[in-house]
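Values quoted throughout were computed directly from the atomic coordinates according to the rules given, and no laboratory measurement underlies them. Just so we're clear, the structure is a prediction, and the values are computed from it rather than from any experiment. Using ideal geometry, Cβ is built from the backbone for each residue, glycine included, and neighbour counts are taken over all protein chains shown.
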Amino acid sequence: MNIIEELEKEQLGKLSAEKNIPDFGAGDTIRVQVKVVEGTRERLQAFEGVCIARKNAGLNSAFTVRKISSGEGVERVFPLHSPNVAAIEVIRRGDVRRAKLYYLRGRTGKSARIREQTDGNKAKLNAADKAVAASIKADREAASKAKKAAAAEAKGE
């Protein structure tokens, strides 16, 4: 490993520790909070759309988001580890079979829609979502056992 790769790996470790980047891919609808500086003021601006591409290249990783604004398609490429990207939020998971969705550029209206993933296994749930799902499942099982025990007790009397 050469010096540049070592430095890049070190920087990537620092950035990953301080920034929470969700697991997302092409087809997912995401909201990106971008820092905008106007004169002396700084504010956050949301850019919400479909992620049509993701480039994984270490520090140079980037993703492309496409949205329709006033009937016109707008695409924006965001560097993943940029200090101007304040936050990334996944709104919904898309069910696609391609890594790059450039074909959406030529489509409008209903033909540009993407199916939503509904299967929990495919949806790439993050650790927090898995924990919540596990606690809900445990609560349901406990309620089911209590109901069965009450029914058995009622029959026994």
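Points to keep in mind about this one:
- Here the Karplus curve 6.51 cos²θ - 1.76 cosθ + 1.60, taken at θ = phi - 60°, turns the phi angles of the range 34-41 into couplings of 10, 6, 10, 9, 10, x, 9, 8 Hz, with x standing for Gly and Pro.
- Above-threshold pairs, the threshold being 25 Å between Cα atoms, out of Lys14/Lys67; Lys14/Lys55; Lys19/Lys110; Lys67/Lys100: Lys14/Lys67; Lys19/Lys110
- Rounded to the nearest 10 degrees, the angle from helix 127-156 to the longest Cα principal axis of the chain is 10 degrees.
- Among 142-155, 104-117, sorting by the average number of other beta carbon atoms lying within 10 angstrom of each residue, highest first, gives 104-117, 142-155.
- Burial ranking of peptide ranges 72-80, 86-94 (average Cβ count within 10 Å, highest at the top): 86-94, 72-80
- Using C-alpha pairs under 8 Å with a sequence gap of at least 6, the mean separation divided by the residue count of the chain gives a relative contact order of 21 percent.
- Note on Arg115/Lys155: beta-carbon distance plugged into 1/(1 + (r/R0)^6) with R0 of 41 Å gives a FRET efficiency of 0.30.
- Expected 222 nm ellipticity per residue - DSSP helices of 4 or more, -39500 (n - 2.57), all of the chain, to 500: -10500 deg cm²/dmol
- Counted by neighbouring Cβ atoms within 10 Å, the residues Lys100, Lys14 run from fewest to most as Lys14, Lys100.
- Multiplying the residue separation of Glu10 and Arg107 by 0.36 nm and removing their Cα-Cα distance gives an extension gain of 30.8 nm.
- Cα-based helix-to-principal-axis angle, 3-18 vs the chain, degrees rounded to 10: 50 degrees
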